[in-house]
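Everything on this sheet refers to the single structure shown next.
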Amino acid sequence: MKRIGLDVGGHTITAGVVDFSRSPAKLLRSETVAAPSPRMAEPLVEAAAALVMRFAESGEECFAGMGLPGFVAKDRKTVARLTNYENCDGLALGDAVERRLAERGIRAKAAIENDANCAALGEGMAGEAVGMEDYVVLTLGTGVGAGIVSGGRLVRGAHGMAAECGHMALCGAELTGCGCGGAGHLEEAASADWLERRAKGAGLPADFKSLWQMRAAPEAEAIISPALEALARGIASITVTLDPEAVILSGGMSRADGLAEELAARAQKYLPEPFRPYFTLKTSSLSGEAAVIGAASLFRESL
Ligand SMILES: [Zn+2]
């Protein structure tokens, strides 16, 4: 059975075929397309099915695992909330994609999972967390997400929504714009989307890469520094809660030159002294591949 993983982002969707007969697992080929426009349920179903069809042949049986930027219900078929997509609450996305593919002659089994959880699974199989049993992947991009592996198992929680660290209330209640409906959340303080909105409002380049490159300028520093402090508090809070072997940064923002070193330095002051010798902050070397590999690996839990 061909195993296909999809990483659904706010701006792009990447899909690929993963070979799990190798160790570490290997992404054989992949393709990235723009996220559907508008970012709504029906275009999402169509985009996901169309991408699977690029890799699956007619009559072939395949597995399609999808990593989604938001909250996934415990049944791993139903979307609870996608903060960057409209009208997806309660959508049985896995079933909808299976049906769409069946109409086109592809026998597929589909499963969904939070994208950061997929990134955590992928890092464990092919990335920075190979051999680790306790680690956290923090995804920094359109939103802020996390995936926790504790004692060798992905932590899902009582309702399937564990590790939503982007929605930790680390900031004041004056932040009210998070797409989840809660206030004071790390995602609103520090995601690329929010930083770019603030940059645009200040007349600066509205892309994180440019903003990061000009961070020595006071007007850019005034936007970036509070975000780094919020992230550092988040990383320290995750560390004292879980005592991981490593926190691994993933996602587009994580590749900014010097970001991990800057966050590690800022996080140290928030950590209790006994944690400091063990504190390890790494940057993923898989680029965007971890979530695709992790999504494709969901077949193991869907058999
Ligand atoms: Zn939130």
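The values are calculated or read from the model by the stated rules, or taken from the named source; none is laboratory data. It should be emphasised that the depicted structure is a prediction, and the values quoted were computed from it without experimental measurement. Note that we place each Cβ from the backbone using ideal geometry, even for glycine, and neighbour counts take in every protein chain shown. In case anyone asks, the SASA skips ligands and DNA or RNA and just uses the protein heavy atoms, side chains included. Shrake-Rupley method; radii C 1.70, N 1.55, O 1.52, S 1.80 Å.
Under the condition of being touching a strand residue (DSSP E or B) at 6+ places or on another chain (Cβ under 8 Å) and hydrophobic (A, V, I, L, M, F, W, C), which residue from the stretch 179-207 is farthest from Leu259 (Cα to Cα)? Only one residue fits best here, namely Cys180.
Examine the stretch 289-303 for a residue that is outside any strand (DSSP E or B), open to solvent by 60 Å² or more (accessible area, probe 1.4 Å), under 26 Å from Leu195 (Cα atoms) and touching a helix residue (DSSP H, G or I) at 6+ places or on another chain (Cβ under 9 Å), and state whether such a residue exists. Among the residues of the stretch 289-303, at least one is outside any strand (DSSP E or B), open to solvent by 60 Å² or more (accessible area, probe 1.4 Å), under 26 Å from Leu195 (Cα atoms) and touching a helix residue (DSSP H, G or I) at 6+ places or on another chain (Cβ under 9 Å), which makes the answer yes. If you filter the stretch 193-209 down to residues that are modelled with pLDDT of 95 or more and within 16 Å of the ligand (Cβ to nearest atom), you find that the one that is farthest from Leu140 (Cα to Cα) is Arg197.
Of note, Gly105 does not satisfy the criterion of being without any contact (Cβ under 8 Å) to a residue 24 or more places away in the chain and surrounded by fewer than 24 Cβ atoms within 10 Å (Cβ to Cβ).
If the condition is being more than 18 Å from Gly67 (Cβ to Cβ) and more than 22 Å from the chain's Cα centre (by Cα), then the stretch 81-99 contributes only Arg99. Could you count how many residues in the stretch 182-196 are out of contact with any Gly (no Cβ under 9 Å at 6 or more places or on another chain) and open to solvent by 40 Å² or more (accessible area, probe 1.4 Å)? Residues meeting the conditions: 1. Consider Val149 carefully, then state whether it is touching a helix residue (DSSP H, G or I) at 6+ places or on another chain (Cβ under 8 Å), closer than 18 Å to Leu231 by Cβ and more than 16 Å from the ligand (Cβ to nearest atom). Against the criterion (touching a helix residue (DSSP H, G or I) at 6+ places or on another chain (Cβ under 8 Å), closer than 18 Å to Leu231 by Cβ and more than 16 Å from the ligand (Cβ to nearest atom)), Val149 does not qualify. Being within 30 Å of Gln213 (Cβ to Cβ), open to solvent by 20 Å² or more (accessible area, probe 1.4 Å), touching a residue at least 40 places away in the same chain (Cβ under 8 Å) and within 14 Å of the ligand (Cβ to nearest atom) is a description that applies to Gly179.
For the stretch 161-174, the criterion of a residue being at pLDDT 95 or above, away from the ligand (no atom under 16 Å from the Cβ) and surrounded by fewer than 23 Cβ atoms within 10 Å (Cβ to Cβ) is satisfied by no position. Among strands (runs of 3 or more DSSP E) entirely within the stretch 1-95, having at least 3 residues that are open to solvent by less than 10 Å² (accessible area, probe 1.4 Å) singles out 2-8, 12-19, 61-68.
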